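Undergrad: Attaching a single structure in structure tokens format; questions to follow.
Read-outs: derived from the displayed coordinates by stated rules, not from any lab. Small disclaimer: the values here were computed from a predicted structure and weren't measured. Here Cβ is always computed from backbone atoms with ideal geometry, including for glycine, and neighbour counts include all displayed protein chains.
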Amino acid sequence: MAVARSLRRNTTITYFLAALLLLTFLYFFLVDSTSLPSLPQSRQLLKSKDAASNPLSPPSLPFKKQDPNEVPPPPPVVHYHMNNVTTSSQPIENRESVLILTPLAKFYSQYWDNLLALSYPHDLISLGFIIPKGREGNEATRQLQDRITKTQAPSNKKHRFASITILRQDDEPPTAQSESERH
């Protein structure tokens, strides 16, 4: 069987392009990446004092990724042995902190107003919200973030909380449930 004339002429070009492609791959795999010119940073990096020290830090500050050669600090995780927890009759004077963790499927402004009306010092209160993924959760997150922005503003020293954490569920709830069915 005879090979078509157009295919015989393209073999030289095909070999040339294959060799060029092979050299390009070898160049990128074998050349040391430190010798390649680096691209300038398009955005300004955060100063170390303006950034959180660990990705698990409270989200009051953005987290700045560290250099790969640096030893990362330990995460801000504290283990409490609940059998040894004691309280005092003067928690404010002893600066005892409180965590209020709330599952929140729907944002209620009255609940937020009640949190703001607490008589315990707000700088000793940490808030945590667990919000489901979905349309209602997105709306609740938006409303909650609006209130947090107003409350945690630097000009609002009286009502600022120690920290506020919003946790979103990774997946959708398995079945649609009404609020009365969940409780």
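Undergrad: Provide the net charge surrounding Ser88, with neighbours chosen by a C-beta distance below 13 Å and charges set as Lys +1, Arg +1, Asp -1, Glu -1.
TA: In short, -1.
Undergrad: For a Förster distance of 45 Å, can you work out the FRET efficiency between the beta-carbons of Arg168 and Phe25, rounded to the nearest 0.05?
TA: Efficiency, from the Cβ-Cβ distance: 0.65.
Undergrad: Right, something else. With each label point set 7 Å from Cα along the Cα-Cβ vector, what nm distance links Ala105 and Ala18?
TA: The answer from the label model is 6.3 nm.
Undergrad: Spelling out what I want: for every residue of segment 107-122, take phi, set θ = phi - 60°, compute 6.51 cos²θ - 1.76 cosθ + 1.60 (Karplus), and round to whole Hz; glycine and proline get x.
TA: Values, residue by residue: 7, 10, 5, 5, 5, 5, 4, 5, 4, 5, 8, 4, 7, 5, x, 5 Hz.
Undergrad: Under 5 Å between amide H atoms, partner at least 5 residues away or on a different chain: which partners does Ile125 have, H built in plane at 1.01 Å?
TA: For Ile125, whose amide H was placed from the backbone, the distant partners under 5 Å are Val98, Ala162.
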